[in-house]
Amino acid sequence: MNKESRFGGVRSFVLAGCCLAIAGLAHAFAQQPNLQLTVPHPPVTTAVQSVPLNNLAIDDQVEAAIELGNKARDEKNFSEAESQYRRALTLNPKEARAYYGLGNTFFDQQHYDDAAAAYSEATRLKPDYAEAFNDLGFVQAKQKRYSEAIENYKRAVALKPNLLEAYDNLASAYGEQQKYDEAIEVLRQVIRVQPTYARGHFKIAVVYARQKRYAEAADEYNLAIGLKADYQDAYYGLGVAQYTLAHYNEAAQAFARATVLNANDDEAFAYLGLSYYAQGQYAQSLEPFQRAVRLKPEKEVPHYNLGMAYVMLGKKSEAREQRQALRELKSEYGEMLLAEINKP
């Protein structure tokens, strides 16, 4: 199973919270935590023979049990998956793939200690098992054991230089330790291995953004987009970088593209509205603010931002509707918006 950290997943890394409230023209910018994402095990496509396992040779029984375990895990039948992997180990106690399968099954159920133990045994039995070292590191990172994770990711990369997710995970672990130079070097390394790897540039941009190096972040987001034209997260990240640099027109262009690629992205719509608002284009900001409110009516800040756009356009009746929505949400933004509405 491939596991890959979504280091600085753009939603939480680039932007803390969903939107930025308008307070005059001052905007608060986010500190961005990391977010990890597990990539599912690819589906098993090889057909399982219907021959009873007991009628097969021992090696064939082991293969069949592992295959059945993989299939059960893909179907989220974890008890059956565990049973099949343990059957394989009963037949061959030194079968590293069975321990790896157990590790994946435990990981899926968030039994991280058991998963780490299973992956460790897989690496002991098969010292060149790059995927097991990578996944052991991933579990350790989930447990915030970053130094141990780094060593296992390094081992995975050394064993299998084209295992891209191991580079990504290594960079993520360095990022968690705020070792940004090391993270960037690892990502440069993976780009050298695979020059068309858009995600490598994306993650370098995320690291730069964390360091508040927004111009460099914007350059890397653009490189990622050049390699992957429909990279929605990269357009979103580029928009945030340009917005932070007060390049509001460029930000609006990036957020507009992000909303085309994902029409349900309330944060991109909110930021698109803010980009127009910051340029004094209050009428143009209405539609994206309205979309953000419709997509996530339970969020407070989009109501406030929409209300402020109405205030700036002299539409105080519509602004009061947003103030009422904030009152129903029991938000302090309601009184802030009311103060703006009541200004002469």
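The values are calculated or read from the model by the stated rules, or taken from the named source; none is laboratory data. Remember, it's a predicted structure, so these values are computed and weren't measured experimentally. Positions of Cβ are backbone-derived with ideal geometry, glycine not excepted, and every protein chain shown enters the neighbour counts.
Structure notes:
- Per-region count, region 162-174, residues more than 19 Å from the chain's Cα centre (by Cα) and part of a helix (DSSP H, G or I): 0
- From Gly103, Gly137, residue being of a type in the set (Gly, Ala, Ser), out of contact with any Leu (no Cβ under 6 Å at 6 or more places or on another chain) and within 17 Å of Phe78 (Cα to Cα): Gly103
- Hits in region 222-248 (condition: part of a helix (DSSP H, G or I) and not aliphatic (A, V, I, L, M)): Asn222, Gly226, Gln232, Asp233, Tyr235, Tyr236, Gly237, Gly239, Gln242, Tyr243, Thr244, Tyr248
- Close pairs from region 134-150: first touching a residue at least 24 places away in the same chain (Cβ under 8 Å) and of a type in the set (Asp, Glu), partner surrounded by 18 or more Cβ atoms within 10 Å (Cβ to Cβ) and part of a helix (DSSP H, G or I), Cβ under 7 Å, at least 6 apart: Asp135/Gly103; Asp135/Tyr119
- Residue identified as free of Cβ contacts under 8 Å to residues at least 12 places away in the same chain and surrounded by fewer than 17 Cβ atoms within 10 Å (Cβ to Cβ) among Ala215, Ala229: Ala229
- Residue match in region 189-209 (condition: surrounded by 18 or more Cβ atoms within 10 Å (Cβ to Cβ), assigned to a helix (DSSP H, G or I) and touching a His at 6+ places or on another chain (Cβ under 6 Å)): no
- Among the residues of region 313-337, those identified as of a type in the set (A, V, I, L, M) and either more than 22 Å from Glu267 (Cβ to Cβ) or under 32 Å from the mean Cα position of the chain (by Cα) (or both) are Leu313, Ala319, Ala325, Leu326, Leu329.
- Counted residues, region 93-145 - those being in contact with an Asp or Glu (Cβ under 6 Å, 6 or more places away or on another chain) and of a type in the set (Lys, Arg): 0
- The lone criterion from (1) farther than 30 Å from Tyr235 by Cβ; (2) at pLDDT 95 or above; (3) out of contact with any Lys or Arg (no Cβ under 6 Å at 6 or more places or on another chain); (4) of a type outside the set (D, E, K, R) left unmet by Pro161 is number (2).
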